[in-house]
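Structure first, then comments.
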Amino acid sequence: MSKQVSISSYLLLRNNQIVVDGQKVFENKDLSSTDFLQAAYDHFQINYPKFFKMDNLCKTGFLVAELLLRNQKLNEKFQPEEIGIVFSNANSSLDTDIKYEASIATAPSPSLFVYTLPNVLIGEICIRHRIKGEAACFVFDIFDAIFQTDYLNSLFETEKVKTCISGWADYYNGKAEAFFYLAETGKENSDIHNSLNVNKIFQGI
Amino acid sequence: MSELIATLKVQIIEQLNLQHLKPEDIGDDQPLFVEGLGLDSIDALELIVLLQQRYGIKLANPQDGPTVFKTVRTIADYITAHKK
């Protein structure tokens with residue numbers, strides 16, 4: 001590999017808390033997951049009306065990507081084709097699949113149907129942040145840091161990406177969980193992008 | 001007609017998940033798509049579902065969609081003309 005890949009920033013959403021680079025930035029234990037996502041949207045003064053139309057998985061991932069990238073100026077540093085996004089989850093789009101199946105009994109909802117694929121989350125984030133690089137979504141029982149880091153490092157090694165948003169975004173049964181980090185080269189004071197460090201951050205809260 | 005228009009605004013917000021809007025934010029003659037409220041093709045499908053579910057009206061010719069769904073008032077006109 002020509003250059004060392006590092007973790008330049010990360011964000012973790014779990015148990016109604018949001019942690020950015022080790023600092024807790026928002027918490028509300030009294031709310032349901034869906035209300036928590038809305039409260040975080042309001043708290044961080046995000047203005048993106050499409051958010052209200054998203055399913056819970058997309059809201060979870062969108063919110064985390066929004067907070068991770070808001071100060072990164074990715075579009076000033078990279079071409080859209082140089083920015084990748086790779087994430088995985090355990091429950092795919094099951095939360096919305098179940099709701100869509102229920103809607104079939106009366107009138108199938110087109111707006112639910114469009115969210116019956118987990119990789120729609122990638123589309124939502126790519127539209128918002130003008131990302132056109134390598135994109136992939138995987139489904140695993142649990143977060144697999146070894147797979148995730150190997151896959152990402154191969155993208156850097158083959159020069160498919162110059163920076164990549166990576167992590168985990170899951171929503172099912174009223175439980176939201178997301179962990180996104182930004183992997184880049186040339187960040188000397190950041191953690192090295194390997195499975196040990198990624199797992200350590202993932203287990204953070 | 002004004003009562004139907006007011007009801008439609010509430011139903012559109014609910015059906016299309018436009019929680020950032022209040023009924024009074026939607027003008028009776030404001031374009032719903034593109035330069036107006038910014039609705040998209042999926043929203044158009046949801047409006048078709050709304051007509052079927054709430055008013056028992058099926059859009060006979062999909063080509064009529066852009067005309068029928070131009071504004072809240074044109075939807076109200078269509079409902080008034082086609083409600084059984």
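In the set (1) within 14 Å of chain A (Cβ to nearest Cβ); (2) buried (at least 18 other Cβ atoms within 10 Å of the Cβ); (3) among the basic types (Lys, Arg), the condition left unmet by B:Lys9 is number (1).
Among residues of the stretch A:97-123 being hydroxyl-bearing (Ser, Thr, Tyr) and more than 12 Å from A:Leu57 (Cα to Cα), the one that is farthest from the other protein chains (Cβ to nearest Cβ) is A:Tyr100.
Restricting to the stretch B:54-72, what's the tally of residues that are under 20 Å from B:Pro23 (Cβ atoms) and not in a helix (DSSP H, G or I)? Going through the stretch B:54-72 one residue at a time, the tally reaches 3. Within the set A:Ile205, A:Ile201, A:Ile165, the sole residue that is outside any helix (DSSP H, G or I), of a type outside the set (Gly, Ala, Ser) and modelled with pLDDT under 95 turns out to be A:Ile205. Where helices (runs of 4 or more DSSP H) fall wholly inside the stretch A:41-160, the ranges with 3 or more residues that are surrounded by fewer than 19 Cβ atoms within 10 Å (Cβ to Cβ) and out of contact with any Leu (no Cβ under 6 Å at 6 or more places or on another chain) are A:74-77, A:94-104, A:120-129, A:145-157. Give the residues of the stretch A:124-144 that are within 14 Å of another protein chain (Cβ to nearest Cβ) and out of contact with any helix residue (DSSP H, G or I) (no Cβ under 9 Å at 6 or more places or on another chain), sorted by residue number. Of everything in the stretch A:124-144, nothing turns out to be within 14 Å of another protein chain (Cβ to nearest Cβ) and out of contact with any helix residue (DSSP H, G or I) (no Cβ under 9 Å at 6 or more places or on another chain).
Listed by first and then second residue, the pairs linking a residue in the stretch B:24-53 that is part of a helix (DSSP H, G or I) to a residue that is hydroxyl-bearing (Ser, Thr, Tyr), with Cβ atoms under 6 Å apart and 6 or more places separating them unless they lie on different chains, are B:Ile42/A:Ser111; B:Glu46/A:Ser111.
On the stretch given as the stretch A:186-196, residues that are within 18 Å of A:Glu157 (Cβ to Cβ) and modelled with pLDDT of 90 or more total 4.
The values are calculated or read from the model by the stated rules, or taken from the named source; none is laboratory data. Keep in mind the model is a prediction, meaning the values are calculated, not measured. Glycine gets a Cβ as well: all are built from the backbone with ideal geometry, and neighbour counts include every protein chain shown.
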